[in-house]
Amino acid sequence: MRLFRSARPVLRRCTGTALVLGTLAALSGCDPVGTPPGRAAGPAYPEDEQITKALQEDYAQDPSSAQARDLVRRLGGDQGTLQYAVRRVVYRQPAYEVHYDVALKLAQDGAESLRALYASMVPAPEDAKLQDKSLAGYEQWLAAQAQALEKTDKAQAAALRRSVETLGKCYRERKSGETVDLMGGLRALVSPARDGFYAEKLESPRLQLVCLPA
């Protein structure tokens, strides 16, 4: 699931003509903003807020994230928001490799999140037959599905039971306004752009689904 720009590092400009630019720079000590005296200039890393903004824009605009946005809307409610935690930033000239985790701030109670998710897992003809459309009713339907799968695909049956159990632990007791961890170990390439930073998701061997359906 493909669960994503701020100002470019600005260099202090040294005035003068092109012919004497190097001399003026040496005389005036023209260095990148924030470079301590006597220290070699290094990459100007983007702030966490700038990285978060780039990731948010990528998530909101990427057509391939449409399914992920729909899932997040079911789990978090219409006003649910993703929260990004930047864990590591590595300079990959001229861009930055960002390692991060994602959580979801709920705009509805977790029990309603589960009910909305499970309802989306029931085929429309089957849903029309259900008399109990509460969370308990959908859980019973999923349990029956897992039981039926035992005859044809034990691995899938076990995966369904495990997913329902994990999601229940993640969401059932959570209240609106609380945060649920969704994924960890994600990576993105964040590059300088004219109007800020631009994020592109990368495959990650350390990706972990925490509170998402398997």
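Bear in mind that the values in this text are calculations on the coordinates, not laboratory data. Everything quoted here is computed from the prediction, not taken from an experiment. Note: ideal-geometry Cβ built from the backbone for every residue, glycine included; neighbour counts use all protein chains shown.
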Subject >> Dipole of segment 41-186 [Lys/Arg +1, Asp/Glu -1 at C-beta], most positive-end residue of Leu130, Ala146, Leu186 >> reply: Ala146
Subject >> Filter on Lys53/Lys133; Lys133/Lys201; Lys133/Lys175 - keep pairs with C-alpha separation over 30 Å >> reply: Lys53/Lys133; Lys133/Lys201
**OP:** Work through the residues other than Val90 whose Cβ is under 13 Å from its Cβ and net out their charges, Lys, Arg +1 and Asp, Glu -1.
**Re:** +3
**OP:** Please go through segment 92-141 and write out the trypsin sites (Lys or Arg not before Pro) that DSSP classes as loop and that have at most 16 other C-beta atoms within 10 Å.
**Re:** Lys133
Subject >> Proximal aspartates and glutamates relative to Lys105, as straight alpha-carbon distance under 16 Å, when same-chain residues fewer than 8 apart are discounted >> reply: Asp70, Asp78, Glu173, Glu178, Asp181
Original post:
Which whole-number percentage describes the relative contact order of segment 31-165, with Cα contacts under 8 Å and a sequence gap of 6 or more?
Top reply: 15 percent
Subject >> Hydrodynamic radius of segment 115-214 per Kirkwood, over alpha carbon pairs, in Å >> reply: 16.4 Å
**OP:** Note down the Stokes-Einstein diffusion coefficient of segment 70-172 in µm²/s, whole number, using a Kirkwood radius over alpha carbon pairs, 4 °C, and 1.567 mPa s.
**Re:** 82 µm²/s
